[in-house]
Amino acid sequence: MPRPLRYLAQALLYAAFAVVVGYFSTSPPYRQLGDDEALLRLSLLHPGKPKGECRQRSVEELAKMPPQMRTPLDCPRERSPVTVRVELDGKAVIDESFAPAGLNRDGASAGYRRLPIPSGRHTVRARLNDDIRNTDFPYERTAELDVRPGQIVLIDFNPAQGGLLIR
């Protein structure tokens, strides 16, 4: 095949490939949410409280230990899982417990959930418990929201800003 004809064929094939890629980049149209839906998003990274209480080591225990390990308190490393409950208009939509990370279960618990919700007026109530020894939820926030279609409602946890945040 002559060289100019090869270049022309190669250009036509590249053009055809570009048309196919261009078509599939916009068609068929994809929407993450319906026309009258919004998104409720839970996103948190929080270390739970230690699972047990620290205890005072006796003088005999300390004497048996190597000098570099003689700390007077013996505290467990494992942390409590973080339990989250989210209610939308009085109905529970998220009720989960997120385990702590790490081999010794001593890291932060990470949680992420997405949930499409209908747009309109809603009451969102979020509760969080980060201590396995506690049966109630010490962190709680309730918000009245007027949710627009396509809006993202974020539930986050930040102790420096008062605990649970609903934005």
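The values are calculated or read from the model by the stated rules, or taken from the named source; none is laboratory data. For clarity, every value in this text was computed on a predicted model and none was experimentally measured. Cβ atoms come from the backbone with ideal geometry, glycine included; neighbour counts cover every protein chain shown. The area values use the complete protein model at the heavy-atom level, side chains included, leaving out ligands, DNA and RNA. Shrake-Rupley method; radii C 1.70, N 1.55, O 1.52, S 1.80 Å.
So the values come out like this:
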{"item": "Candidate residues Phe157, Phe137, Phe17: accessible-area rank, largest first, probe 1.4 Å", "result": "Phe17, Phe137, Phe157"}
{"item": "Distance histogram in 5 Å bins (all Cα pairs of the stretch 27-85, percent per bin)", "result": "4, 12, 13, 11, 9, 9, 8, 7, 6, 5, 4, 4, 5, 3, 1"}
{"item": "Average accessible surface area per residue within the stretch 44-167, 1.4 Å rolling probe, Å²", "result": "61"}
{"item": "In Hz, Karplus ³J(HN,Hα) per residue of the stretch 101-115 (6.51, -1.76, 1.60; θ = phi - 60°; x = Gly, Pro)", "result": "7, x, 5, 9, 6, 10, x, 7, 8, 10, x, 8, 9, 10, 8"}
{"item": "Estimated dipole of the stretch 81-167 in Debye, rounded to 20 [Cβ of Lys and Arg +1, of Asp and Glu -1, Cα centre]", "result": "240"}
{"item": "Sulfur and carbon atoms: percent of accessible area, the stretch 94-144 [1.4 Å]", "result": "49"}
{"item": "Alpha-carbon centroids, the stretch 122-149 and the stretch 1-76: separation in whole Å", "result": "25"}
{"item": "Amide hydrogen neighbours beyond the local backbone of Ile117, cut-off 5 Å, H modeled", "result": "Ala38, Leu39, Leu40"}
